[in-house]
Structure formats: structure tokens, C-alpha cells
1. Applying a 10 Å radius around every beta-carbon, put 46-53, 370-377 in order of their mean neighbour count, most first.
2. Neighbour counts of other C-beta atoms within 10 Å: give me 55, 135 arranged from fewest to most.
3. Using the basic label-point model (7 angstrom from Cα toward the beta carbon), what is the residue 106 to residue 166 distance in nanometres?
4. So the label point goes 7 Å from the Cα of residue 92 along Cα→C-beta, right? Which residues of region 158-180 then have their backbone N under 20 Å from it?
5. Zone of residue 125 (label point 7 Å along Cα→Cβ, backbone N under 17 Å): which residues in region 55-81?
6. If I model a spin label at residue 432 and residue 405 as a point 7 Å from the Cα along the Cα→Cβ vector, what separation in nanometres do I get?
7. Assuming R0 = 35 Å, what is the FRET efficiency of residue 28 and residue 153, from their Cβ-Cβ distance, to the nearest 0.05?
8. So what's the Cα pair-distance distribution over region 9-81, bin width 5 Å, in %?
């Protein structure tokens, strides 16, 4: 990035003032920002001043800084950082910015630069003989599709040839810049195709006919009803109603009784298998998986092993105890205290002074929650923080787990200024309002 400095003192005006209209605009613009944030209006105000005088002078920077209660150096940093601000005098009628980025160079920007050198000055940022024109080469101006192009103040002129640029320069020098229409100079609309529309040129002539659905096919004869299924003695699945199992409909009463009896025997066998580990061979002939896997793991000590006991009447009862392993949460560091926790969790480290507490939130880096934490530690005044020694800082840093935040944010320096003269002293020391 090139070095950008203010113009020589020989061309700097003694003072700057907005016109009445621009002053009203600037005050309204400043009022759009909340209290304490008016410095955010620095770029709009500098642009308005440049639109008024054509460039940004030292007096302009000082005036804007005073209006926004900013140090001069802060406004100077903004003006010298952004290349949109002109730091030397420009032409009173036109300052021509020639785009020199790749698309424009490929389309003939070098020819436009030659025109500027011949009609204005051999070097950029220099005025012509009568001070009406100046020029410079800039980065992309945002209309690559219509390259090459130039920007004059807030307007762009695109699709240029050297001859067309000469005509534009002559018009501005004569004071007739308003007669030149901004945008493409070859008749196309914005970024549309050069030469006009080339597709979809025909006007539709065919009429849309009303849709007529085809006739419905002749109805086919209904298929014959299927024959009723033969009665079955198959066991009804568990929890299946007869209306959902057509095969069970029409089963003789004797068959239903037999099915119910078989179902009862199967359940009893299942219960016995679960109780003593014997497989239900009636349902799973030859099965060997009834032996509890828990017994084969760790000698029967595996978590979740079933406990069984036989009843006196030959029946069996089983009680299974589920064991869920406990998950231990990592122990919290008792010294680490989060500023978002309840302030009651913090133990006092200092003797709380008598009287009303100071507004510790004026210290940059201290919010309402953290202020409550400091009160809980016994810290309520600027004077206490201003007297902090390294040992005091280390104690607070350890308890609140700040990791050097107190020294990094210069709490002691801020507190000394606030304790000495409040907000006014803070402004003198730091050049801005607290927080």
C-alpha cells in the first residue's frame, strides 16, 4: 500500500466550516448513533466535507475531530487509510479516476490513461493549467463487464474509447459535465449484451387451447369373490385380534380352547426357562442359549446378572436387578470462579470501605455481572483498584480466573484517572469516554 500524507502546508487552507445545509446534515447524522458512539460518524462526515470542497484538508480533519470529540490523530488515521479520501487538491470541475485493474487494462485502459496525460497532466494527482481538472489511476471501480471505464466524483462512465473520453473531458472542462449521461457510452442498457437483445425476439402467436381430458375407459367386470379360508387350529399370535387375522375367523370352539391351552403351556415353559436357565425345548427344540451369559462372564459377577430362586410349589420366580454404572462428572476447580456465577459464591478478599460504591462499570472490561463479583470480594471504589499492588492483582486474578485481564485492560490506570477527576480526567488520560 502506498504512503498517504496530507498535502503541503502551502496549499492548506487556514480553516474549514460546513455550509449551513451540510452542517444540519452532519448534526442529524451524528444523532443517529447512541450516546458515546458518535465517533462512528467520522467516515460520513469526512465524505460530506470532501463533496463540499473536493478534498480533505488538515482543517477539515481538525473540524471533524472537534465535532465528534475525537483526538486529531484518530481522524487522520481514517483519512489516510481509505483511498476514497483525496488528500491533495483536485480539479474544481472534474477529478477523473481511471480504472487500471486487469479487465479494464485488457479492454484498453492504457489508452484512457494516455488521454488523461495529454489533456490534463503528465503525472497523476496534479492539476491542469487552470485548475479545473485532475486525474489518477485507481483499483477496480466495479463495472468490469463494461470495461474500460472511469469514475468522475460519484458517477461512472463505461464502455469508453480514447475518443469518447476526450469528449467527456472537454465537456467537463467547459462546465457542461451534466450533459454527459453516466453509465455505458455505447447505447446498451446497464450490463446487458452489447448490441442489444439477441435471443427471445419472436412474439408468441399460438393460442393456448383448453385442456380436454380423455374419455374414461370402459369399466371392467368385478373379479369373483375369493373362497372362504378353511378353518385352522394355528395358535393366534399374541395381542392379535381376530378381525386382524382372517385365518382365525370361523375356528370351531373346541379348536379355540385347544389353542388357548397350548398358549398357556408355552408361557409356563417360558417362565420356567427364565427362572432356572433351562431352555424351552417345546418352542426352541435343541436350543442351548438359555444358559445365562452372565454366569460365563467374570464368574457370574457381571453387571446385570439375573438372580433366580425356585418356589416351594415347583414354580419359579425371577427378579432381575438392573445396575446402571454411575458416570462421575469432572471435578470443578474450586479456585476458578466464573464471573457469570452467583456473586454469593465469592468470598471477600478485601475490607469493604464505608460509603456509596463507585460505578465500577466505567472501567473498560467491567460489566454489571463482574461489578457484582468485585463487590462480593469487597472492592467497591476506584481508589481501591488504583492502590492495587501486584499481590492484590494476583489474588483477584486467581479467584476470578482472569488470566492477566486486570493488567491487560489497565484497570489500575483507569481507576486512578476516575478516582482523580472522574470522566473528565479519564478523557484527558485516554482521549475518549469511559467504556
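Read-outs throughout are calculated quantities, based only on the coordinates presented, and are distinct from any laboratory measurement. This one's a predicted model, so the numbers in the text were calculated from it and none came from an experiment. All Cβ positions, even for glycine, are placed from backbone atoms using ideal geometry, and neighbour counts span all protein chains on display.
1. Ranking the peptides 46-53, 370-377 by packing returns 370-377, 46-53.
2. Ascending number of Cβ neighbours within 10 Å: 55, 135.
3. 2.8
4. 169-179
5. The answer is 55-58, 76-81, whose backbone nitrogens lie closer than 17 Å to the label point.
6. A separation of 1.9 nm, rounded to one decimal place.
7. On the way: r = 23 Å, r/R0 = 0.65.
Result of the calculation: an efficiency of 0.95.
8. Distribution as computed: 3, 17, 30, 27, 16, 5, 1, 0 percent.
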